[in-house]
Amino acid sequence: MGFDVDQFVQDCREALSEATPQLAVRDVVERAVRQPNEIEDALGVADGWRATTLHNDADLTILHFIWPPTADLFPHEHKMWSTVGIYGGIEDNTLYRKAGQALEVVGHKRGEVGDVVLMGAEAIHSVTNGSRQWTAALHVYGGDFFANPRLQWDKTTFQSKPYELANGRAELMAAEERARDQGIIT
């Protein structure tokens with residue numbers, strides 16, 4: 001039995017009614033990423049960056065992300081919990097906290113194939129893919145990812161500004177172009 005997007009969405013929606021929704025969603029995501037070939041069969045081969053919305057409403061957003069090698073996304077927040085299941089490549093997260101008007105690094109989390117990375121609603125993180133392969137992941141958020149106002153920070157100055165999806169898209173497009181120019185991907 002392959003990965004069924006509709007069933008995955010239904011299972012995640014049902015998990016929201018549990019006492020600890022993020023942990024219940026984690027279990028759903030863990031089951032899914034144990035079978036990476038089935039996800040790839042259903043959602044396509046990781047051969048170009050993309051962010052596909054599988055589900056979005058006020059309580060739950062599910063995205064399918066493909067990150068290119070050399071991607072280095074700026075620090076940002078979600079203002080909702082997130083559960084990320086890696087089924088291809090790696091995802092390195094640097095974790096921050098606010099320190100006055102700046103950010104300070106407080107830790108790192110790496111996600112590899114089969115891992116599920118949890119972040120709370122107050123998390124601030126940046127994401128990199130320093131490998132020579134595509135990162136493929138299912139991202140589940142406890143809210144409306146697109147309607148929720150939040151902040152992003154400049155990588156160098158750590159100056160904050162409102163989060164804009166276009167900035168993330170531009171960064172990922174540039175990373176893919178960089179990886180192709182360097183011969184990392186074709």
Two-site label geometry, Lys98 and His55: point separation in nm, points 7 Å out along Cα→Cβ:
3.1 nm
With every protein chain in place, what's the accessible area of Val105 (1.4 Å probe, Å², nearest 10)?
80 Å²
Tell me the GluC sites (Glu not before Pro) within the range 81-186 that lie in a loop according to DSSP and have at most 15 other beta-carbon atoms within 10 Å.
Glu122, Glu164
Which of the lysines could be linked to Lys161 by a straight reach, that is with a Cα gap under 16 Å, when you skip same-chain ones fewer than 8 residues away?
Lys79, Lys98
Accessible area in square angstrom per residue, the chain, 1.4 angstrom probe:
49 Å²
Protein accessible area in the chain, 1.4 Å probe - carbon and sulfur %:
48 percent
Mean residue ellipticity (222 nm) of the chain, computed from DSSP H runs ≥ 4 via -39,500 (n - 2.57), nearest 500:
-8000 deg cm²/dmol
For a test of the definition: using alpha carbon positions, the gyration tensor, and the 1.5 limit on a/c, classify the range 72-153 as rounded, prolate or oblate.
oblate
Reduced to Cα centres, the span from the range 115-179 to the range 69-110 in Å works out to 7 Å
Heads up, I need the accessible area for Tyr96: 1.4 angstrom probe, whole protein in place, Å², nearest 10.
30 Å²
Tell me the accessible surface of Asp11 in square angstrom (1.4 angstrom probe, heavy atoms of protein chains only), to the nearest ten.
40 Å²
Just to confirm the filter: which trypsin sites (Lys or Arg not before Pro) across the range 1-71 are DSSP coil and have at most 15 other Cβ within 10 angstrom of their Cβ?
Arg34
The range 102-163: trypsin sites (Lys or Arg not before Pro) in DSSP loop, at most 16 other beta carbons within 10 Å
Arg132, Arg150, Lys155
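The values are calculated or read from the model by the stated rules, or taken from the named source; none is laboratory data. A quick note: this is a predicted structure, and the numbers were derived from the prediction, not measured. Here Cβ is always computed from backbone atoms with ideal geometry, including for glycine, and neighbour counts include all displayed protein chains. Surface areas here come from the heavy atoms of the whole protein model, side chains and all, with no ligands, DNA or RNA. Shrake-Rupley method; radii C 1.70, N 1.55, O 1.52, S 1.80 Å.
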